[in-house]
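Colleague: Sharing a structure, written as structure tokens. Questions coming.
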Amino acid sequence: MTTTFGTWRQLLHWGPLLALFVITVISTTTINCILMYWPPLLSIGGFMHMSVFMGWNLLTLSNFFLGLYDGPGFVKFGWKPADKNAERYLQYCKVCEGYKAPRSHHCRKCQRCVMKMDHHCPWINTCVGHRNHARFIYFLLFWLGYNNYRHLSLSRSQLKTVLYNKTGIETWICEKAEHFEDEKPFVFPYDLGWRGNAKLVLRWNGRPVGDGIWWPVRDGCNQYTLTAEQKYQKEEKRTRAVKYTIVESYGGALLPVSKGCRVLCGIPYSDEPRIRLETGDEVRVTRWKRHWMYGEQVTQPPMSVPPRGWFPRRCAVELINGDCDFPPPPKVVKKKQN
């Protein structure tokens, strides 16, 4: 197991550069205002006010840079669990050519499997995950809390992920689990109570507890409770998938003007990719909007990673009857792991 750090080259991206520009402009403007209306050298109050402001800015910038440089922690390429029997509970990543450790997810922008991935943040040009979650939260609290306390609820959602020990991705998995029929409700295995959860992340040195691979779990659960649920949901999604054939090519444009006004007005508001398709391609569709569909291209070599993304609905026709290898999905009842 390795945890690759970031590099200072990550700063050469519009996200970190824009964030630093905004911080610099607001900080410089605030300092000029303080010097005009409450000069630090003319009173003890002015000196203390300037000192607190400069110290707060230092904490903001230090946590910003450390969150960027520390990175979220990445699972080693080709990682496998020590116990070979555990492989049946884990998902396999074709890009990293290894198994996904518990709570890890593959980020298509970082091109790595990220430990306890919460989301990919453009402002630090990397993911927020196991290693840098605390730094990211401290950055939000120091910056937004001082310069715009009314917008402190931009950071409230991140605090909730810590207090419930549940990332944004895991929240989505749990919400979907509630919709499946089962005799026993799904129990999130990593919730140790808000105090125990906070102690795992919010530490003075900014370093989280654990190696990012194995995690403490509550009674009645094990290391694979969540991964087993996630694998089940993916298999269930495949049973609901419908196969389409492409009858009109699509170049993957963000704003496909040639596809008509209805397609333009109904574009999906998501950072998920678009998929380039040619006439005759086949796509396994798992999500639908009125004028767009999301799917995985199936006309690829067996060992390659199939591209996935959104494309206009008018470009595809459903394969039905004998040409469709996906029958209507049956009612699914989960079988719990023993």
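The values are calculated or read from the model by the stated rules, or taken from the named source; none is laboratory data. Bear in mind the structure is a predicted one, so any value in this text is a computation, not a measurement. Methodologically, a virtual Cβ is constructed for each residue, glycine included, from the backbone with ideal geometry; neighbour enumeration extends over all protein chains shown.
Colleague: Evaluate region 77-85: report whether one residue or more is buried (at least 17 other Cβ atoms within 10 Å of the Cβ) and closer than 25 Å to Ser104 by Cβ.
Modeller: yes
Colleague: While we're on this one: With the requirement that a residue be of a type in the set (S, T, N, Q), more than 17 Å from His179 (Cβ to Cβ) and buried (at least 19 other Cβ atoms within 10 Å of the Cβ), what does region 204-246 give you?
Modeller: Listed by number, the residues that qualify are Gln223, Thr225, Thr227.
Colleague: So the check is Cβ under 7 Å with 6+ separation or different chains; which pairs have a first residue in region 236-249 that's more than 15 Å from Glu318 (Cα to Cα) and a second one that's in a strand (DSSP E or B) and not hydrophobic (A, V, I, L, M, F, W, C)?
Modeller: Lys237/Thr286
Colleague: For region 226-284, which positions are aromatic (Phe, Trp, Tyr) and farther than 25 Å from Tyr92 by Cβ?
Modeller: Tyr244, Tyr250, Tyr269
Colleague: Go through the residues of region 113-135 one by one and say whether even a single one is assigned to a loop (DSSP other than H, G, I, E, B), of a type outside the set (Phe, Trp, Tyr) and over 26 Å from Asn63 (Cβ atoms).
Modeller: No, region 113-135 contains no residue that is assigned to a loop (DSSP other than H, G, I, E, B), of a type outside the set (Phe, Trp, Tyr) and over 26 Å from Asn63 (Cβ atoms).
Colleague: So Pro39 passes all but one of these: (1) in contact (Cβ under 8 Å) with a residue 40 or more places away in the chain; (2) out of contact with any Asp or Glu (no Cβ under 6 Å at 6 or more places or on another chain). Which condition number does it fail?
Modeller: Pro39 satisfies all of (1) in contact (Cβ under 8 Å) with a residue 40 or more places away in the chain; (2) out of contact with any Asp or Glu (no Cβ under 6 Å at 6 or more places or on another chain) except (1).
Colleague: Could you say whether any residue in region 4-18 is at pLDDT below 90, small (Gly, Ala, Ser), closer than 19 Å to Phe139 by Cβ and outside any helix (DSSP H, G or I)?
Modeller: yes
Colleague: Do any helices (runs of 4 or more DSSP H) lying entirely in region 166-267 carry at least 1 residues that are more than 30 Å from Gly67 (Cβ to Cβ), and which ones are they?
Modeller: Passing ranges, in order: 168-177, 225-240, 261-265.
Colleague: Test Leu59 against the criterion of being touching a residue at least 40 places away in the same chain (Cβ under 8 Å) and over 23 Å from the mean Cα position of the chain (by Cα), and give yes or no.
Modeller: Here the answer is yes, as Leu59 does meet what is asked.
Colleague: Another question, if that's okay. So Trp14 passes all but one of these: (1) exposed (fewer than 14 other Cβ atoms within 10 Å of the Cβ); (2) at positive phi; (3) in contact (Cβ under 8 Å) with a residue 60 or more places away in the chain. Which condition number does it fail?
Modeller: Failed condition: (2).
So that you can scan it fast, the table gives a plain yes or no per residue for (1) closer than 26 Å to Pro306 by Cβ; (2) assigned by TED's automatic domain parsing to the domain that holds Ala228; (3) in contact with a helix residue (DSSP H, G or I) (Cβ under 7 Å, 6 or more places away or on another chain); (4) among the small types (Gly, Ala, Ser):
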position	(1), (2), (3), (4)
Pro16	no, yes, yes, no
Thr29	no, yes, no, no
Tyr89	yes, yes, yes, no
Lys94	yes, yes, no, no
His105	yes, yes, yes, no
